[in-house]
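The values are calculated or read from the model by the stated rules, or taken from the named source; none is laboratory data. Model, not experiment: these values are computed from the prediction. Please note: Cβ atoms are built from the backbone with ideal geometry, for glycine as well, and neighbour counts cover all protein chains shown.
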Amino acid sequence: MNASGLWKVSKGKGVTVAVIDSGVKPTPGLTGRLLPGKSFTSKSSDAHEDVDGHGTEMAALIAGSGTGNSLRGLAPEAKILPLRTHVEEGFFSSHEPIIEAIRYAARSDARIINISQGVSGVDDETYTALQDAIDEANKRGKLVFASAGNQGLKTKTHYPASMPGVVAVGAVDETGTVADFSNHGPYLTLSAPGVPGGTSQASAIASASAALIWAEHPDWTHHQVLRVMIETTGRSQRGEEPSMYLGHGIVRPAQVLVDGDGDPGPADVSPIFSKYYASLEASKSPSPEDGKGGNEGPPTAKPGRDSEQAVAQGETDGGGPPWTAIGVGAAALVAVAAVVTAVAFRRRAQAQPRY
């Protein structure tokens, strides 16, 4: 990651990241970085409360200042917009809060939306409403990152990570080896350091990487930021198709900011979601101003199936992949691993629908 080199060029100043999670506490390390935000849970109206601690951890990973011996995030001058979707541990016990939170983030000044949580199955109605919210965010030029999941499964369906228009992020350890708990499959877009914190942590680091790049190149579109992130990833072998285990590779923002690598390309063409954006353009759905976006179409697998159903139909391998080091970027990951492990993260149990 070359964090010290990165910070000579960019610290994320001027970029806001919406953190859709359990709330964010106003800790010393987040002083001056935390915006008022909004709570979408009926149990608490305060976005700055966080009983679970998960949202605060993600915010610190993204924008923590390091004040008072606290964690210093990868983009320590970015702003955090806390959007609270739940009070107790768990996700999707009620679907409406996260859908409302995505819509709110889409209409805010946040350029990046981080969703470090997910679930293996949703019903048709929820899928449509969730996709509409994601569509609105994309129409408004946001980058949406989500954790790939911690079950260690090969799967096609993990929401919202597997949905069109969402950048799904898997986890690797400090040596560049895919984490044994990290979900993998055709929906995986990128990977990032996520040990010991899980794919939640990986998604937050990917979001922070995007914030660093966007702060240095404020005139770039979300398509251009994502394109250079993909072009500069670490991977042992490259090809037209992404890896089932790493996606397009491990995020390396220093390649963009320090070395000047990566071609941003056209401002209005997505590097990976071209068919999805074409469907948005062709959509006759109400405009985002009406609170609805276009729908890309039916999911790649029927919503509502859980991981056991997917296993029964051959969509997961249950035993995980042959976990081998990819041989690239290992040394580059050491710096961020040191930052990440400055605090102890609670490892989420694999059965938990939270990452």
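State whether the residues of region 234-244 include one that is touching a residue at least 40 places away in the same chain (Cβ under 8 Å) and buried (at least 24 other Cβ atoms within 10 Å of the Cβ). Please lay out each step first, then the result.
Let us first name the residues in region 234-244 that are touching a residue at least 40 places away in the same chain (Cβ under 8 Å), namely 234-236, 242-244.
Cutting the leftovers down to buried (at least 24 other Cβ atoms within 10 Å of the Cβ) gives us none.
No, there is no match, as no residue in region 234-244 is touching a residue at least 40 places away in the same chain (Cβ under 8 Å) and buried (at least 24 other Cβ atoms within 10 Å of the Cβ).
Any residue in region 53-76 that's over 19 Å from Pro253 (Cα atoms): show its pairings with residues that are basic (Lys, Arg) at Cβ separation under 6 Å, as long as the two are six or more apart or on different chains.
Final answer for the pair search is Thr56/Lys25; Gly66/Arg72.
Gly170 versus (1) part of a loop (DSSP other than H, G, I, E, B); (2) touching a helix residue (DSSP H, G or I) at 6+ places or on another chain (Cβ under 7 Å); (3) not polar (S, T, N, Q): which is the lone unmet condition?
Going through (1) part of a loop (DSSP other than H, G, I, E, B); (2) touching a helix residue (DSSP H, G or I) at 6+ places or on another chain (Cβ under 7 Å); (3) not polar (S, T, N, Q) one by one, Gly170 breaks only (1).
Anything in region 37-83 that is of a type in the set (S, T, N, Q), assigned to a loop (DSSP other than H, G, I, E, B) and more than 20 Å from Arg107 (Cβ to Cβ)? List them, or say none.
Going residue by residue through region 37-83, those that are of a type in the set (S, T, N, Q) are 39, 41-42, 44-45, 56, 65, 67, 69-70.
Filter once more, so that each one left must be assigned to a loop (DSSP other than H, G, I, E, B): 42, 45, 70.
Selection gives Ser42, Ser70.
How many residues are modelled with pLDDT of 95 or more, of a type in the set (Ser, Thr, Tyr) and either under 19 Å from the mean Cα position of the chain (by Cα) or surrounded by fewer than 21 Cβ atoms within 10 Å (Cβ to Cβ) (or both) when one looks only at region 28-55?
Here the count works out to 1.
Pairs only if they're at least six apart or on different chains, beta carbon under 8 angstrom, first in region 206-219 and farther than 11 Å from Val167 by Cβ and at pLDDT 95 or above, second acidic (Asp, Glu) and not in a helix (DSSP H, G or I); list them, first residue then second.
Listed pairs, sorted by first residue: Ala215/Glu77.
Lys13: among the charged types (D, E, K, R), assigned to a loop (DSSP other than H, G, I, E, B), modelled with pLDDT of 95 or more and at negative phi, yes or no? Steps first, answer last, please.
Numbers: among the charged types (D, E, K, R): yes; assigned to a loop (DSSP other than H, G, I, E, B): yes; modelled with pLDDT of 95 or more: yes; at negative phi: yes.
Yes: the conditions hold for Lys13.
From Gly37, Gly66, grab the single residue that is out of contact with any Ser or Thr (no Cβ under 7 Å at 6 or more places or on another chain) and over 20 Å from Gln117 (Cβ atoms). Before you say what the answer is, go through the steps one by one.
Numbers: Gly37 fails: over 20 Å from Gln117 (Cβ atoms).
Going through Gly37, Gly66 in turn, the sole match is Gly66.
Checking Glu96 against (1) more than 30 Å from Gly5 (Cβ to Cβ); (2) in contact with a Phe, Trp or Tyr (Cβ under 9 Å, 6 or more places away or on another chain); (3) at pLDDT 95 or above, only one condition comes out false. Which one?
In the conditions (1) more than 30 Å from Gly5 (Cβ to Cβ); (2) in contact with a Phe, Trp or Tyr (Cβ under 9 Å, 6 or more places away or on another chain); (3) at pLDDT 95 or above, Glu96 misses (3) alone.
Can you spot a residue in region 82-92 that is farther than 25 Å from Tyr245 by Cα, under 15 Å from the mean Cα position of the chain (by Cα), surrounded by 23 or more Cβ atoms within 10 Å (Cβ to Cβ) and in contact (Cβ under 8 Å) with a residue 24 or more places away in the chain?
The first filter runs over region 82-92 and keeps only residues farther than 25 Å from Tyr245 by Cα, leaving 82-90, 92.
If we keep only those that are under 15 Å from the mean Cα position of the chain (by Cα) as well, we get 82-83.
Add one more test, that the residue is surrounded by 23 or more Cβ atoms within 10 Å (Cβ to Cβ), and what stays is 82-83.
Keeping just the survivors that are in contact (Cβ under 8 Å) with a residue 24 or more places away in the chain gives 82-83.
Yes, region 82-92 has at least one match.
Looking only at region 106-136, filter to residues that are surrounded by fewer than 21 Cβ atoms within 10 Å (Cβ to Cβ) and in a loop (DSSP other than H, G, I, E, B); which one of those is modelled with the lowest pLDDT?
For region 106-136, the residue satisfying everything is Asp123.
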